[in-house]
Amino acid sequence: MQNSFDPTAGKPMDAAAYAAMNEALRALITGVPHLTANLANASALLYDTLPDLNWAGFYLLEGEKLVLGPFQGKVACIEIPLGRGVCGTAAAEDRTQLVKDVHEFPGHIACDCASNSEIVVPIHARGAVVAVLDIDSPFVGRFTEVDRLGLEETARVLEQELSALL
Ligand code: SME
């Protein structure tokens, strides 16, 4: 039994739902001067809000590799070389990767074998990629263009509010 009524439970998120979540994110992190705390809360908000996920979190660029940051889900690989896997490709190409079936993505890195689809969005500071937002689902084809637009806006909120910390 659910503790409270949630009108979006089990339904895909539309643009309005993404707008509401992104405003909630902005309210959560604005004025908080702690990067780890903000990314931890952002991953919790995303994991709690988007239906049908098994992982949501961040990898932070350190030199030529991405290093695991705050996340929700099963334990994950710690370092990803730039250009490797879905995360490394998103960071190297500075382009969102929307992968309908991870088993068809060359070089996909399987952290949780339950993952079947994935979306990775680059995050910028000072004009360059500094991190990626990575979200996985156990369902093939879970992510759509609505998710891409909503999560790219999530990245813009993080960039605006955390620019001094990233
Ligand atoms: N699948 C990712 C690795 C990170 S995990 O999904 C948390 C990739 O191929 O980059």
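Numbers below:
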{"item": "For the chain, built as a Gaussian network whose Cα springs stay under 10 Å, the top-fluctuating residue of LEU149, LEU61, LEU45", "result": "LEU149"}
{"item": "Loop-resident sites, the range 1-106, for chymotrypsin sites (Phe, Trp or Tyr not before Pro), counting at most 14 other Cβ within 10 Å (DSSP)", "result": "PHE5"}
{"item": "Shape call, the range 3-162: gyration tensor on alpha carbons, a/c limit 1.5", "result": "oblate"}
{"item": "Lysines whose Cα lies under 28 Å from that of LYS11, excluding same-chain neighbours fewer than 8 positions away", "result": "LYS74, LYS100"}
{"item": "Computed magnitude of the charge dipole of the chain (debye, nearest 20; Cβ of K, R +1, Cβ of D, E -1)", "result": "160 debye"}
{"item": "Total formal charge among the other residues, if their Cβ is under 13 angstrom from that of LEU166, Lys/Arg +1 and Asp/Glu -1", "result": "-1"}
{"item": "Dipole of the range 22-120, positive direction: furthest Cα of CYS111, ASN41, PHE71, with charges on the beta-carbon", "result": "ASN41"}
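Just so you know, all these numbers are worked out from the coordinates, no wet-lab data involved. Computed from a predicted model, the values in this text were never measured in an experiment. Positions of Cβ are backbone-derived with ideal geometry, glycine not excepted, and every protein chain shown enters the neighbour counts.
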